[in-house]
């Protein structure tokens, strides 16, 4: 007997858009203090000089503004590409994982259109360079009169390349793991199989996959933070060489504890709330 309720939103793409927005806002606002501590640990100025444990909500304004559209863009792209490659096809385990990797990669590139400017403004407030997100943004926009509009855009998208380089490997690790664990869970069921896992199950699998991906991509995250906080534009290669020369290899794993904990919890909140909202909107 089918006990499913009628779908509140018929379009799967609109469901992804709404559920992604809910998930992004939920995770970024609830775990913002941990993100701040991670940023300060990675700052070249040092943890205490960047603010220590005080003002851990500095920069939350930019996170609130950018979270929903960034996550919504990711999920609507991810689900669209995934459906395009997997609908009605038996690709096997490796082929399915490859489709998820491609979908996640394209989703991250789309999301970075919103995420990178948000991160630039947020991290400058988190690191104590400015008291709030608004003052950080105003300072960047004020450079238009002296440096021109192109310079402002380059400042807002500073670290675009390294952010994409960090997010794509992270997502390529996390999402096939998450999808694989969900698929495994459904295969263990006896009797009528539901269309998808519950929000709670998705949260557990999101936590595990997020922790694994976070630990492996910490060096890229350190480099991205240094690029965004640098007072002058520098190449990723130059900053990498300087970190290695002046601070040693261990500096590339600065903040790995808070980052792994934050993203593990964040993966649970993000993918759990996404699954919950998606199931609710789909009548599951």
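The values are calculated or read from the model by the stated rules, or taken from the named source; none is laboratory data. The model shown is predicted, which means the values in this text are computed figures rather than measured ones. Because the Cβ atoms are built from the backbone with ideal geometry, glycine has one as well, and the counts that use them run over all protein chains shown.
Would it be correct to say that residue 38 is buried (at least 20 other Cβ atoms within 10 Å of the Cβ), under 23 Å from residue 172 (Cα atoms) and at pLDDT below 85? So residue 38 passes the test.
Residue-by-condition table, conditions (1) more than 27 Å from residue 157 (Cβ to Cβ); (2) surrounded by 23 or more Cβ atoms within 10 Å (Cβ to Cβ):
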residue	(1), (2)
10	yes, no
26	no, no
33	no, no
45	no, no
49	no, no
68	no, no
74	no, yes
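Count of the stretch 234-268 residues, restricted to those that are surrounded by 12 or more Cβ atoms within 10 Å (Cβ to Cβ) and outside any helix (DSSP H, G or I), is 4. All of 114, 81, 76 fail the test of being modelled with pLDDT of 90 or more, assigned to a helix (DSSP H, G or I), within 25 Å of residue 178 (Cβ to Cβ) and over 17 Å from the mean Cα position of the chain (by Cα), apart from 81.
Considered as a group, the residues in the stretch 41-61 that are within 18 Å of the chain's Cα centre (by Cα) and part of a helix (DSSP H, G or I) include one that is nearest to residue 126 (Cα to Cα), and that residue is 60.
Take the conditions within 13 Å of the chain's Cα centre (by Cα) and modelled with pLDDT of 90 or more and apply them to residue 176. Does it pass? Before the answer, list the steps.
On the way: within 13 Å of the chain's Cα centre (by Cα): no; modelled with pLDDT of 90 or more: yes.
When the stated conditions are applied, residue 176 does not pass them.
Highlighted here are the helices (runs of 4 or more DSSP H) found entirely within the stretch 140-221 that include at least 3 residues which are surrounded by 20 or more Cβ atoms within 10 Å (Cβ to Cβ): 160-187, 199-216.
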